[in-house]
Amino acid sequence: MSYEISIKSDDKYTARIDRRKLYEYISTLPNIVHSDADHFVFRDPNVGTYMEIDLELVSEEGDSLDIRVTQERNCVRIHIPYYFLESTGAQIYEICFQIADRIGWKVYDEQLGNYLSRNTT
């Protein structure tokens, strides 16, 4: 089981960004390692923190679509095993907000069903 966060422009995922630009930016973040063109892993060697970051193309309902149809993405999905959430949640949320701020999107907590702000994490 993992805690799920989405970074998106709005409830209908209307904004899109070029995958390469998004990929290049996320690659510059500390302790981020890419595993393929649309997937990253965050690991902090000092703490053992871990999360997965996926660049996705989704429908208006948030269902994954075939990413081969375009180089654009409209969602960044974050998957955090619950084990790591409690010990390093602040660090993980900060990475989510860095990505969202860079592309002008918002951080959405899938479990709570609402958008987060830096003040609420």
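Every number in this text was worked out from the coordinates using simple rules, so none of it is lab data. These numbers come from a predicted model, not from an experiment. Every residue, glycine among them, receives a Cβ derived from its backbone with ideal geometry; neighbour counts consider all protein chains shown.
Restricting attention to the range 3-33, the residues that are part of a strand (DSSP E or B) and under 13 Å from the mean Cα position of the chain (by Cα) total 7. List every residue pair whose Cβ atoms lie under 6 Å apart, where the two residues are 6 or more positions apart in sequence or sit on different chains, the first residue falls within the range 17-41 and is more than 16 Å from GLU56 (Cβ to Cβ) and without any contact (Cβ under 8 Å) to a residue 40 or more places away in the chain, and the second residue, located anywhere, is loosely packed, with under 15 Cβ neighbours inside 10 Å and basic (Lys, Arg). Every condition considered, the pairs that remain are ASN31/ARG43. Between ILE53, ILE80, ILE103, the distinction of being aliphatic (A, V, I, L, M) and within 14 Å of ASP10 (Cα to Cα) belongs to ILE103 only. Could we say that VAL47 is hydrophobic (A, V, I, L, M, F, W, C), farther than 23 Å from MET1 by Cβ and out of contact with any strand residue (DSSP E or B) (no Cβ under 9 Å at 6 or more places or on another chain) here? Spelling it out, it is not the case that VAL47 is hydrophobic (A, V, I, L, M, F, W, C), farther than 23 Å from MET1 by Cβ and out of contact with any strand residue (DSSP E or B) (no Cβ under 9 Å at 6 or more places or on another chain). Within the range 17-26, identify whether any single residue is surrounded by fewer than 16 Cβ atoms within 10 Å (Cβ to Cβ), over 16 Å from ILE99 (Cα atoms) and touching a helix residue (DSSP H, G or I) at 6+ places or on another chain (Cβ under 8 Å), and answer yes or no. Scanning the range 17-26 turns up no residue that is surrounded by fewer than 16 Cβ atoms within 10 Å (Cβ to Cβ), over 16 Å from ILE99 (Cα atoms) and touching a helix residue (DSSP H, G or I) at 6+ places or on another chain (Cβ under 8 Å). Listed by position, the strands (runs of 3 or more DSSP E) inside the range 47-121 whose residues that are in contact (Cβ under 8 Å) with a residue 12 or more places away in the chain and exposed (fewer than 14 other Cβ atoms within 10 Å of the Cβ) number at least 1 are 75-81.
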